[in-house]
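Note sheet for the following structure.
The values are calculated or read from the model by the stated rules, or taken from the named source; none is laboratory data. Not measured: the values here are computed from a predicted model. Cβ: placed from backbone, ideal geometry, glycine included. Neighbour counts: every protein chain shown. Note: areas computed on protein heavy atoms with side chains; ligands, DNA, RNA excluded. Shrake-Rupley method; radii C 1.70, N 1.55, O 1.52, S 1.80 Å.
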Amino acid sequence: QVQLVESGGGLVQPGGSLRLSCAASGTIFSGSFMGWYRQAPGKQREFVAGRRSGINTDYADSVKGRFTVSRDSARNTVYLQMGSLKAEDTAVYYCNAVVLGKVYWGQGTQVTVSS
């Protein structure tokens, strides 16, 4: 069983930065996917960024060049460094892991970009 706990959300001004963290408990294999999705009010949940250890990361086009996902496999933690934030980045951000074909989600953390 895997549990994911996000932290680091909050209110930030446009153009600002924020870092989200997701700590996983349980067994996360190095080849498992870990990443981030988000869901804005009235919209479907969408992929943001993610990676498997030792493999290239993937990013949504809307965040390329602004967000960076990184992973500390020793700590079973994945991070999302967000920069040049825009109002349209406002959403609940969810950590995601896929372990042996089973999908796990965190509880979500709110990110609000507003002046």
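List of remarks:
- Hey, residue 98 farther than 17 Å from residue 17 by Cβ, open to solvent by 30 Å² or more (accessible area, probe 1.4 Å), of a type in the set (Val, Ile, Thr) and part of a strand (DSSP E or B) or not: yes
- Pair list, Cβ < 9 Å and 6+ apart or interchain, from the stretch 96-108 residues that are at positive phi to residues that are open to solvent by 20 Å² or more (accessible area, probe 1.4 Å) and not in a loop (DSSP other than H, G, I, E, B): 108/39; 108/92; 108/94
- When restricted to residues that are β-branched (Val, Ile, Thr) and surrounded by fewer than 19 Cβ atoms within 10 Å (Cβ to Cβ), the stretch 71-89 contains 1.
- Residue check, residue 93 in contact (Cβ under 8 Å) with a residue 60 or more places away in the chain, closer than 10 Å to residue 36 by Cα and either in contact with a helix residue (DSSP H, G or I) (Cβ under 6 Å, 6 or more places away or on another chain) or in a strand (DSSP E or B) (or both): yes
- Per the conditions (1) open to solvent by 20 Å² or more (accessible area, probe 1.4 Å); (2) within 14 Å of residue 96 (Cα to Cα), the sole criterion not satisfied by residue 32 is (1).
- Residue in the stretch 44-53 that is open to solvent by 30 Å² or more (accessible area, probe 1.4 Å), among the hydrophobic types (A, V, I, L, M, F, W, C) and in a strand (DSSP E or B) present: yes
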